[in-house]
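The values are calculated or read from the model by the stated rules, or taken from the named source; none is laboratory data. Keep in mind that what you see is a predicted model, and the values were worked out from it rather than measured. Positions of Cβ are backbone-derived with ideal geometry, glycine not excepted, and every protein chain shown enters the neighbour counts.
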Amino acid sequence: MTLKEPFLGRNSILVRHCYEWFSDMVQDMKSNGLHGVNITGDTGIGKSMWVIYFMWQQSRLGNSIIYHSIHISGKSVLFDFEAKDGSPRTTLGKIDTLLSATIPETTWYIVDGVVPILEAMHFTVLLSSPSNEAVHKQFRKTTFKNDIKYMPDWTLDEINRAASTVTPPPDPNTIKHAFYKWGGIPRYVLQMHDLESQQQLSAQLLNRALAVESMVAVLLSSVSDDTDVSQKLVHNIVDGQGRLLGLKWASKTSQRLTACILPTTSSRLQYQRAIVR
């Protein structure tokens, strides 16, 4: 998808198949009376890219959006439309000011990587990493009105399609090697596909993992504290409705790495199924 106006420094994004059903799912939640949803998933999976697509969809429908993000320091943005001619406009301001402004009840409150204003009256879409408890802890406590959905990993085909848009395009064999080494997370496969970056990533992961007293703590930390180590080792298992089923090894490489560190732990965590929450 080519963006008419650059957003977060990007002129285009790859629209994954799951972006469409995630957007439909969130729209249904709002229509069915929920107050919000926490969209989460492995770090680097592209949650912020999905929200660009979602905001583009909503703007085409004429819906206003308040965007409260870690990517915009000190300010938030209200995207709405002029009353006279319906032309789009943007307003920068403090989040409290924007939320208290006279705006339609249908306005979306989109929060990316920061603690949301829980008292907001508008439907809230909160994006956060599983380990970033400080951001989503209070929001998740109100499960009677807020849901949680997990974004699935990328397939190799999606990774290759995204890689083809890069200039110059990376070598397909290099991308394939990185994919089978780190799994379907574009941050590690696309942004760090060159040999030097891959070697640095491997060394960093091994050193950090060896420094942890219990490898079990590393594996469990993908849903708690230490995302820097664990989410290179294990990824979420997600069904077609965005529900978390458990954990899986990110790749055979990560399975072998953990087996070298602590064989008994590795044998407990199977490749296709892991520790279920």
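Per-residue answers, yes or no, for (1) hydrophobic (A, V, I, L, M, F, W, C); (2) touching a His at 6+ places or on another chain (Cβ under 6 Å); (3) modelled with pLDDT of 75 or more:
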position	(1), (2), (3)
138	no, no, yes
168	no, no, yes
207	no, no, no
215	yes, no, no
225	no, no, no
Worksheet item: Looking at segment 139-163, which of its residues are more than 18 Å from the chain's Cα centre (by Cα) and β-branched (Val, Ile, Thr)?
Response: 142, 143
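Just to check your reading of the model, which residue among 153, 147 is closer than 30 Å to residue 33 by Cβ, modelled with pLDDT of 90 or more and surrounded by 14 or more Cβ atoms within 10 Å (Cβ to Cβ)?
Numbers: 153 fails: closer than 30 Å to residue 33 by Cβ.
Matching residue, one of 153, 147: 147.
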Discussion item. Pull out all pairs, ordered by first then second residue, where Cβ-Cβ is under 7 Å, the residues are six or more apart or on different chains, the first lies in segment 13-37 and is more than 24 Å from residue 135 (Cβ to Cβ), and the second is of a type in the set (Lys, Arg).
Written reply: 14/161
Discussion item. Could you go through segment 15-35 and let me know if any residue there is in contact with a strand residue (DSSP E or B) (Cβ under 7 Å, 6 or more places away or on another chain) and farther than 18 Å from residue 146 by Cβ.
Written reply: no
Fill in: Answer residue from segment 16-64, given it is at pLDDT below 90 and of a type in the set (D, E, K, R) and is nearest to the chain's Cα centre (by Cα) among those
42
Worksheet item: Residues in segment 126-134: is at least one in the same structural domain as residue 233 (by TED's automatic domain parsing), at pLDDT 85 or above and part of a loop (DSSP other than H, G, I, E, B)?
Response: no
Worksheet item: For segment 78-111, how many residues are buried (at least 17 other Cβ atoms within 10 Å of the Cβ), in a strand (DSSP E or B) and over 20 Å from the mean Cα position of the chain (by Cα)?
Response: 3
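Quickly run through segment 26-64 and pick out the residues that are of a type in the set (Val, Ile, Thr), surrounded by fewer than 22 Cβ atoms within 10 Å (Cβ to Cβ) and outside any loop (DSSP other than H, G, I, E, B). Step through it out loud before you land on a result.
First, pick out the residues of segment 26-64 that are of a type in the set (Val, Ile, Thr): 26, 37, 39-40, 43, 45, 51-52.
From the residues that got through so far, the ones that are surrounded by fewer than 22 Cβ atoms within 10 Å (Cβ to Cβ) too are 43, 52.
Once the filter is applied, which keeps residues that are of a type in the set (Val, Ile, Thr), surrounded by fewer than 22 Cβ atoms within 10 Å (Cβ to Cβ) and outside any loop (DSSP other than H, G, I, E, B), segment 26-64 yields only 52.
Residue-wise test of (1) touching a Ser or Thr at 6+ places or on another chain (Cβ under 9 Å); (2) outside the structural domain of residue 189 (by TED's automatic domain parsing); (3) within 30 Å of residue 187 (Cα to Cα).
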{"site": "24", "(1), (2), (3)": "no, yes, yes"}
{"site": "27", "(1), (2), (3)": "no, yes, yes"}
{"site": "30", "(1), (2), (3)": "yes, yes, no"}
{"site": "39", "(1), (2), (3)": "yes, yes, yes"}
{"site": "48", "(1), (2), (3)": "yes, yes, yes"}
{"site": "65", "(1), (2), (3)": "yes, yes, yes"}
{"site": "72", "(1), (2), (3)": "no, yes, yes"}
{"site": "83", "(1), (2), (3)": "no, yes, no"}
{"site": "95", "(1), (2), (3)": "yes, yes, yes"}
